[in-house]
């Protein structure tokens with residue numbers, strides 16, 4: 001009988017890991033739908049960038065107060081879950097506080113965990129107030145419908161409960177230690193959870209054991225459920241932020257990717273000795289992006305890495321002036337399409353396109369200033385997707401705005417964006433020349 005809880009624990013752990021693996025495999029498959037893109041250069045620079053942006057949270061500090069609070073949650077959650085290692089060993093082997101062998105250091109270690117757990121609770125409460133009572137504007141934009149708002153609240157509330165269970169578990173454990181109950185070895189006092197001892201001190205021993213075990217099981221099951229909820233939420237950035245920042249495009253922001261088919265045609269015109277190589281996808285060339293497969297894998301990773309924090313949209317000049325564009329919505333729409341795309345038995349793909357999610361008006365409102373990319377805490381580039389979709393509208397559908405179509409026509413006919421023949425280009429300077437003479 002004593003082995004039954006351990007067996008149940010091992011089965012739960014195995015199932016949670018298996019489901020998480022399947023979810024990650026699905027997301028990885030979706031990301032790999034994108035076009036190939038080589039971002040393996042300058043490895044040292046990439047590692048340094050990843051350390052600064054993801055570990056030190058350098059871009060979060062552009063808004064100091066919120067940035068510091070986020071750092072408390074980030075490091076607090078990581079450090080508190082180091083305790084998960086002890087819980088995992090105890091759950092598998094049936095031991096209790098297996099790390100107690102370190103002696104007087106153990107209560108110090110638990111106190112550190114509790115301090116960070118308390119900081120996570122307090123900051124999550126502050127974030128809940130900012131979102132739901134103060135209603136910070138960027139959390140209530142049009143794209144922040146019921147589900148995105150609920151998603152954030154679910155995570156924050158879950159973290160509050162998970163951290164609170166630690167205090168209940170440790171407080172009951174401390175009382176049981178004093179009562180010399182078998183299995184509850186004396187490991188010393190825990191100052192923070194000790195503050196809650198008066199709430200439980202008068203309870204019978206059996207009730208205390210139940211509450212301590214309930215806190216233990218609640219924490220571990222909560223963490224395992226949280227692990228498998230994350231791939232369905234914006235909080236998958238907890239995992240993807242690291243590779244997403246590492247694979248940041250190191251070229252100047254806003255630089256448009258070359259189109260190989262156009263490059264080939266130009267080389268054929270300018271270089272008589274150029275011999276083009278056969279392309280694998282010859283005959284399937286698409287200018288710009290209409291479908292998921294027309295974007296790069298990095299674009300799709302960007303979509304899954306989006307934290308929906310809205311910093312990009314709050315800095316977007318088009319959005320600020322009332323235009324339809326929201327860089328956050330662009331990333332959310334791409335991710336929604338990725339989630340909606342499913343292969344059938346015939347290996348055909350859902351007929352929806354990017355334009356079923358993103359309107360041309362949003363794309364043409366972009367000023368290409370890159371404020372969104374500069375502001376993003378995980379180095380997402382919405383502009384890269386916007387430019388590719390613009391390309392499709394202009395080159396495949398001839399659906400650019402009238403002003404741009406006029407410019408394109410002038411460049412084609414006159415070699416310049418103005419409606420003058422090449423011979424008349426310098427007429428504007430004639431009076432200047434005459435006056436100088």
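Throughout, read-outs are computed from the coordinates displayed, never taken from laboratory work. Keep in mind the model is a prediction, meaning the values are calculated, not measured. Heads up, the Cβs are rebuilt from the backbone with ideal geometry, glycines too, and the neighbour counts pull from every protein chain shown.
Some points to look at:
- Full-extension gain in nm, residue 207 to residue 406, via 0.36 nm per residue minus C-alpha separation: 63.7 nm
- Inter-site label distance for residue 12 and residue 367 at 7 Å from Cα along Cβ, in nm: 5.3 nm
- Whole-number percent relative contact order across the range 286-437, with pairs defined as alpha carbons under 8 Å at least 6 apart: 27 percent
- Take the Cα of residue 395, go 7 Å toward its beta carbon, and the backbone nitrogen atoms of the range 351-384 under 17 Å from that spot belong to 384.
- Cα→Cβ-extended label distance, 7 Å offset, between residue 115 and residue 420, nm: 7.1 nm
- Potential lengthening of the chain between residue 95 and residue 256 amounts to 52.1 nm, from the contour at 0.36 nm per residue minus the alpha-carbon distance.
- Förster-model FRET efficiency, 25 Å R0, residue 71 and residue 249, C-beta, rounded to 0.05: 0.45
- Shown for 338, 13: other C-beta atoms within 10 Å of each C-beta, ranked fewest to most, produce the order 13, 338.
- The long axis of helix 146-178 is offset from the longest Cα principal axis of the chain by roughly 20 degrees.
- Mean separation of Cα contacts under 8 Å, 6 or more apart, over the residue count of the range 120-205: relative contact order %: 27 percent
- Each Cα pair under 8 Å and six or more residues apart adds its sequence gap; the mean of these over the residue count of the chain is a relative contact order of 18 percent.
- The distance between label points at residue 79 and residue 133 comes to 2.6 nm (points 7 Å beyond Cα on the Cα→Cβ vector).
- Estimated FRET transfer efficiency (residue 21, residue 63; beta-carbon r; R0 45 Å; 0.05): 0.80
- Value at 222 nm in deg cm²/dmol, rounded to 500, when DSSP H runs of n ≥ 4 in the chain each add -39,500 (n - 2.57): -18000 deg cm²/dmol
- For the pair the range 1-48 and the range 282-324, the centres of their Cα atoms are 25 angstrom apart.
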